[in-house]
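The values are calculated or read from the model by the stated rules, or taken from the named source; none is laboratory data. Remember, predicted model here, so these are calculated numbers, not experimental data. Don't worry about glycine lacking a Cβ; one is built from the backbone with ideal geometry, like all the others, and counts go over all protein chains shown.
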Amino acid sequence: MRLLLATLLILPFSLGCNDSAVPELSTASSGTTVTPETSPSPEPAAAGGIQLTPDNTTIAFVGSHVSEEQPDPKARHGKFKKFVGSATVTDGKLVALQLEIETSSLDTEIDDLNSHLKNADFFDVNEHPKAKFTSTSIEETEDGKATITGDLELLKAKKSITFPATLNTAEGLELSADFVIDRTEFGMTYGEGKVEKEVAMSVNVSAK
C-alpha cells in the first residue's frame, strides 16, 4: 500500500474541473487547541524506526466545490511531493508516526490551481512553509485496524485529530488511512459557500 496526509494533512481548497469522484470517507475528529505554528525539522528515525519518504509514502488530497451534484464532478485531486517522516515499530506494534510536509510541494497537475493553493487564500506557503503531524496515541486491534490520534500543525493552528487506519507490521510497515479534515478549523476559510470546508485525505505507506 502507498501513503495523503492528507493528513495528514492534503484539501477542498480547489477551484475548477476534474471528473474524478470524491470517496466516502471517515471524518477525522479534532480538538480545539490553537497555537502559533512551529516547524522544526523532524528527528531522524530512532533505532527500530522506519524513514518515510516520497519513495515509500504518498500523501494525497481531494478538494470539492459546494454542489447539488454529488460527488462533485469538478473535484480537484492533488498530492504533496516533498516530505520527510518516521514510523517506529516496537514488538510488532506501531508506536509512533511523524510527518513534516513542504507545503510548496503540493501538485494538482494544473499550474494555475497550484499557484492559487500556494497563495494566502489557502496554504500561504511563503509564511507557512511546513505542515506537520505527530502522533500522540495509536490504538491497534487484532484485525489489522488502528485508531491514530495526533497533533496536526497547519498554518497558525495546532489541533488534535483522530482517524482510522489499516496497518500491517509483519515486514516493515504497510499503512492506509482515508479520512476528512475541516480546513476552516486551521484558518483556511477562503471560498465559503463555494468550496467545501471538508478535505478528503489519503495517506498510504509501504516501507521496510
Residue list for segment 151-208, restricted to those being touching a strand residue (DSSP E or B) at 6+ places or on another chain (Cβ under 9 Å) and either at positive phi or part of a loop (DSSP other than H, G, I, E, B) (or both): Leu155, Thr169, Gly172, Gly187, Met188, Gly191, Lys194, Glu196, Lys197, Lys208
Set Pro54, Pro129: member being out of contact with any Cys (no Cβ under 8 Å at 6 or more places or on another chain), surrounded by fewer than 18 Cβ atoms within 10 Å (Cβ to Cβ) and closer than 28 Å to Ala170 by Cα: Pro54
Residue within segment 85-92 that is within 17 Å of Leu175 (Cβ to Cβ), of a type in the set (A, V, I, L, M, F, W, C) and modelled with pLDDT of 90 or more present: yes
Close pairs from segment 167-178: first within 14 Å of Thr141 (Cβ to Cβ) and modelled with pLDDT of 95 or more, partner acidic (Asp, Glu) and not in a loop (DSSP other than H, G, I, E, B), Cβ under 8 Å, at least 6 apart: Leu167/Glu140; Leu167/Glu174; Asn168/Glu174
Residue list for segment 83-101, restricted to those being within 16 Å of the chain's Cα centre (by Cα) and of a type outside the set (A, V, I, L, M): Phe83, Gly85, Ser86, Gln98, Glu100
Any chance Phe123 is buried (at least 17 other Cβ atoms within 10 Å of the Cβ) and either out of contact with any Gly (no Cβ under 7 Å at 6 or more places or on another chain) or part of a loop (DSSP other than H, G, I, E, B) (or both): yes
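Residues are listed down the side, and each one gets a yes or a no for (1) basic (Lys, Arg); (2) surrounded by 17 or more Cβ atoms within 10 Å (Cβ to Cβ):
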| site | (1), (2) |
| --- | --- |
| Ile59 | no, yes |
| Asp72 | no, yes |
| Leu99 | no, yes |
| Leu113 | no, yes |
| His116 | no, yes |
| Asn119 | no, no |
| Thr147 | no, no |
| Lys158 | yes, yes |
Residue that is surrounded by the most Cβ atoms within 10 Å (Cβ to Cβ), among those in segment 74-97 that are within 19 Å of Thr149 (Cβ to Cβ) and of a type in the set (Val, Ile, Thr): Thr88
Residue list for segment 47-65, restricted to those being of a type in the set (A, V, I, L, M, F, W, C) and at pLDDT below 95: Ala47
